[in-house]
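These notes concern the structure reproduced below.
Each reported figure results from applying straightforward, stated rules to the coordinates on display, with no laboratory input. Everything numeric here is computed off the predicted structure, so don't read it as measured data. Using ideal geometry, Cβ is built from the backbone for each residue, glycine included, and neighbour counts are taken over all protein chains shown.
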Amino acid sequence: MSPVDTVQSLAQRIEALFDEKPAQYTEDHRRLFQEFKAELNSGRVRAAVPDPAQPSGWRVNGWVKKGILLGFRLGGIVDMSIDSERMPWFDKDTYPVRRVNVNDGIRIVPGGSTIRDGCYIGRSVTCMPPMFINAGAYVDDGTMVDSHALVGSCAQIGKNCHISAAAQIGGVLEPVGALPVIIEDEVLVGGNCGVYEGTVVKRRAVLGTGVILNRSTPVYDLVRNAVYTASDEQGLVIPEEAVVVAGSRAISSGPGKNWGISLYTPVIVKYRDAKTDAKLQLEDLLR
């Protein structure tokens, strides 16, 4: 059976088990989930994949999300504590920590980081403590996930990104048809940023410290005289090489205007240039 046929067969079996919930799960069902989770860990299946035919450039794989949710249905809560008194850990037995060895080429600095099983971590990824990567995530080669950063369930992170300290890359596991958060190659996500609700940050964009991106807040592009918003069908999309900073927009009517109130809004102030690239090159010293 070819690799494509293998994945198609796996998808059909996962869909059937998810849609037709049995009265009781069996060992065969668990073996199917373990097969599926191995494919997640290898990166051969992903919650979302590049697709030029889509407006965002990405297509969600709903069956993969169903497989991840199956793991929570199948699993029972067990004691996985190293020391149940000083560091208790009680979780679904289907989602232990992901096994990593030195041959994987992943740099995990000591200090309390966690990578949950069922996610892909590429070579030369650096994990600074304490960060967390959830099930279903995809973190590609050369990316750094910095201290106190979160990569949520099903989030897709490209090559050579920097997810800076305390940044939150939100997970979008449900509904299964919703696109997860996408961070494309060579993106810098600044400290204390939050990227949520299926936002797509295109290649080589830069998010300044404290930028929040979601479906509710429009982004104002001062360079191209454009406003980017999410729609019912598609999340927010940040253009390639955009440099986004946290800004504000004055309320123009009613009590808000009288009180001088402004609301938070992200603003694109420039697109990447040689000066931006020179600043970002310094980060290679940390890898």
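Worth a mention:
- Phi to ³J(HN,Hα) by Karplus 6.51 cos²θ - 1.76 cosθ + 1.60 over segment 189-205, Hz, x for Gly, Pro: 9, x, x, 6, 6, x, 10, 9, 6, x, 5, 10, 9, 6, 3, 6, 6
- If only the Cβ of Lys and Arg carry +1 and only the Cβ of Asp and Glu carry -1, the dipole of the chain around its Cα centre is close to 500 debye.
- Value of relative contact order over segment 32-76, rounded to a whole percent, pairs C-alpha under 8 Å and six or more apart: 32
- Residue 15-residue 233 FRET efficiency (beta carbon distance; Förster radius 25 Å; 0.05 resolution): 0.65
- Comparing 36, 199, 222 along the charge dipole axis of the chain, the residue lying farthest to the positive side is 222, per the Cβ-charge model.
- q = 0.13, 0.17 Å⁻¹, the chain: log10 I(q)/I(0) [Debye, one scatterer per Cα]: -0.92, -1.37
- Potential lengthening of the chain between residue 31 and residue 51 amounts to 4.1 nm, from the contour at 0.36 nm per residue minus the alpha-carbon distance.
- Look at the alpha carbon pairs under 8 Å that are at least 6 residues apart: their mean separation over the length of segment 3-78 gives a relative contact order of 33 percent.
- Whole-number D in µm²/s for segment 3-78 (Stokes-Einstein; Kirkwood sum over Cα pairs; 4 °C, 1.567 mPa s): 98
- Counting only DSSP H runs of at least 4 residues, each contributing -39500 (n - 2.57), and dividing by the residue count of the chain, the helix-based mean residue ellipticity at 222 nm comes to -6500 deg cm²/dmol.
- Relative contact order of segment 97-280, defined on C-alpha pairs under 8 angstrom at six or more residues apart (%): 12
- Each of 33, 18 was scored by other Cβ atoms within 10 Å of its Cβ. Arranged with the fewest first, they read 18, 33.
- Pairwise FRET efficiency - residue 277 versus residue 141, Cβ, R0 = 22 Å, nearest 0.05: 0.65
- Antiparallel bridges, percent of DSSP beta bridges restricted to the chain (to nearest 5): 35
- Close amide-amide hydrogen proximity is noted between residue 213 and 194, 195, 196, each under 5 Å apart and 5 or more residues distant or on a separate chain (H modeled in the peptide plane; Pro and chain starts excluded).
- Residue-count net charge about residue 89 - beta-carbon cut-off 10 Å; Lys, Arg +1, Asp, Glu -1: -3
- Nearest-0.05 FRET efficiency for residue 124 and residue 224, computed from C-beta distance (R0 25 Å): 0.15
- Taking the DSSP beta bridges with both ends in segment 26-183, the antiparallel portion is around 30 percent.
- Built amide H within the under 5 Å cut-off of residue 154, gap 5+: 136, 137
- Whole-Hz couplings from phi, Karplus 6.51/-1.76/1.60, listed for segment 219-231; x for Gly and Pro: 10, 9, 9, 6, 7, 9, 6, 9, 10, 9, 9, 7, 10
- Neighbourhood charge, 15 Å Cβ-Cβ cut-off, centred on residue 267 and excluding it, Lys, Arg +1 and Asp, Glu -1: +2
- Taken along the Cα-to-beta-carbon direction at a fixed 7 Å, the label points for residue 257 and residue 99 span 6.5 nm.
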